[in-house]
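As structure tokens, the structure follows; a few thoughts come after it.
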Amino acid sequence: MKTGINFISFRSYQGTEIFAVHLLSELISIDKHGTYIIFGSKHLPDQMKLKAGNTSLETVHLNPENTISMGLYQQIILPVKLTAKGIKQFYAPLPSVPVLYPGKKIITIHDCSYDRFDEYKSTLSRLYIKSMYIAGKYFCDTIITDSNFAKEELISLYHMKPDRIKVIYPGIPALPQVDEAFINTTKMQFNITRPYFLYVGITRPRKNLPGLLKAFKLFMNKHGGMQLVLAGKIDTSFINIKKETHALGIEDNVVQTDFVSDKQKAALYRGSICLVFPSYYEGFGIPVIEAQSLGTPVLTSNTSSLPEAAGGGALYINPYDTDDIAGGMEKLLGSELRNKIIQKGFKNVERFSWKQAALQLLSILNPQ
């Protein structure tokens, strides 16, 4: 059967894109009888250009940052193309539904963070995202989400029918093996000269970076000579880290790496004291299981999906309490607790597999 895949909106390589490419790579390798036609713009990251005998890439000539043109294409032109190509079902690993397409429609909604936090770039993007969630409710056959927490959010906020929502846990992104030499090289590259705590992710309000910086300031008042490394694309739309650190007097102790490769990210995990991930809200929290898989202790929030994702392999804190975050950082300086958290983290990640996730998706695409 022909299946269309929607990669049109993807133009970077972060959490949602990592989920999509790992899930689809595994699905395509498992399903030897299906044919997959991937729709992506000319801005599609190279990591997402899946190459296999049963796939093809249909390049869409539009700018994903132009909400109007992207919306018009996906709602008017795309349904025509899907029908003309004989595509019987369409999967979008994000909430983007071509409502006029008559075939089976499946989407992934990772969370309801846009309802809980004001993270829209514009009024137009807010209206488009909200409309896609509502369209998903009324026009999709199945909605996939990352956690039971996210499922309950969709039921609570959008009154979606529980039996149409399927929870598929992500697997662990495959990060390269790194040796001590590369870890040291990476530290030098980013001017990391002292023991450091690591945050991996974007700088949206739900990520609680102002709280993390304030907690690090409290920690530094008791334990000098440390660094905090923020790994991820620099985006000043919601918070200017340089201004925040300057105001707190910790600018010399905070490193922003900007975008890092998978190999650099693995090195940063491996070289850190721990991952500090004090989000207010997550639909899952992939950095948590990435860190656990590499033997990096995890300090994370006791809110949203994070206890569901991290299981027993984390030290939990209240993200609304900077003293609690700072206290957790202090606790993970001790080797005994660190070792316990590391071992429990290794045990926790045994629950997650891209193959298992792909088989669940395949059962939705091709039910027996």
Inset, instruction - Enter the angle in degrees (range 0 to 90, nearest 10) between the Cα long axis of helix 148-158 and the first principal axis of the Cα atoms of the chain, meaning the one along which they spread out most. - result: 60
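Considering only the other residues whose Cβ falls under 14 Å of the Cβ of Asn253, what net charge follows from Lys and Arg at +1 and Asp and Glu at -1? Before the final figure, lay out the partial values.
Values: positive: Arg194, Lys214, Lys217, Lys222, Lys242; negative: Glu244, Glu251, Asp252.
Here the charged neighbours net out to +2.
Give me the net charge for the shell around Lys340: Cβ to Cβ below 13 angstrom, other residues only, Lys and Arg +1, Asp and Glu -1. Intermediate values should be presented prior to the final figure.
Working: positive: Lys331, Arg338, Lys344, Lys347; negative: Glu336.
With Lys, Arg at +1 and Asp, Glu at -1, the neighbours total +3.
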Inset, instruction - Over the alpha-carbon set of the chain, divide Rg by the Kirkwood Rh and report the Rg/Rh ratio to two decimals. - result: 0.97
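Counting only C-alpha contacts under 8 Å and six or more residues apart, can you give the relative contact order of the range 180-351 as a whole percent?
23
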Legend entry - Rel. contact order, % - alpha carbon contacts under 8 angstrom, at least six apart, the chain: 15
Legend entry - Centre separation in Å (Cα based) which lies between the range 77-142 and the range 16-37: 19
Legend entry - Furthest towards positive pole of dipole, Ser293, Gln343, Ala181, structure part the range 180-351, Cβ charges: Ala181
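Please state the shape class of the range 180-351: rounded when a/c is under 1.5, otherwise prolate if a/b exceeds b/c and oblate if not, all from the C-alpha gyration tensor. Walk me through the numbers on the way to the answer.
Values: a/c = 1.33, a/b = 1.16, b/c = 1.14.
Note, shape of the range 180-351 comes out rounded.
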Legend entry - Dipole of the chain, positive end: most advanced residue of Ser56, Leu27, Thr236 [Cβ charges, Cα centre]: Ser56
Inset, instruction - Kindly rank 199-205, 172-178 from highest to lowest mean number of other beta carbons found within 10 Å of each residue. - result: 199-205, 172-178
Inset, instruction - Sort out for me the Cα centre separation of the range 153-211 from the range 314-368, rounded to whole Å. - result: 11
Legend entry - GluC sites (Glu not before Pro) restricted to the range 300-338 and DSSP loop, no more than 11 other C-beta within 10 Å: none
Legend entry - Most mobile of Leu275, Leu332, Leu248 in a GNM of the chain (Cα contacts under 10 Å): Leu248
Legend entry - C-alpha long axis of helix 123-139 to longest principal axis of the chain, angle in °: 60
Legend entry - Rounded tilt (10° steps) of 15-30 against the dominant C-alpha axis of the chain: 50
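Just rank Ser9, Ser237, fewest to most, by other beta-carbon atoms within 10 angstrom.
Working: Ser9 21, Ser237 11.
Arranged by neighbour count, lowest to highest, Ser9, Ser237 become Ser237, Ser9.
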Legend entry - Helix-only CD estimate at 222 nm, as mean residue ellipticity for the chain, using -39500 (n - 2.57) per DSSP H run (n ≥ 4): -12000 deg cm²/dmol
Inset, instruction - Find, among the trypsin sites (Lys or Arg not before Pro) in the range 1-83, those assigned to loop by DSSP (not H, G, I, E, B) with at most 11 other beta-carbon atoms within 10 angstrom. - result: Lys32, Lys42, Lys51
Legend entry - Fraction of the pair-distance distribution of the range 33-184 above 28 Å, Cα-Cα pairs, percent: 28
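Can you give the local net charge around Cys112? Use residues other than it whose beta-carbon is closer than 14 angstrom to its beta-carbon, Lys and Arg +1, Asp and Glu -1. Walk me through the numbers on the way to the answer.
Details: positive: Arg116, Arg126, Lys130, Lys137, Lys151, Arg204, Arg206; negative: Asp111, Asp115, Asp118, Glu119, Asp146, Glu152, Glu153, Glu282.
Once all neighbours under 14 Å are counted, the net charge is -1.
Since every read-out is calculated from the coordinates, none of them should be taken as a lab result. Quick caveat, the model's predicted, so the values are computed rather than measured. Don't worry about glycine lacking a Cβ; one is built from the backbone with ideal geometry, like all the others, and counts go over all protein chains shown.
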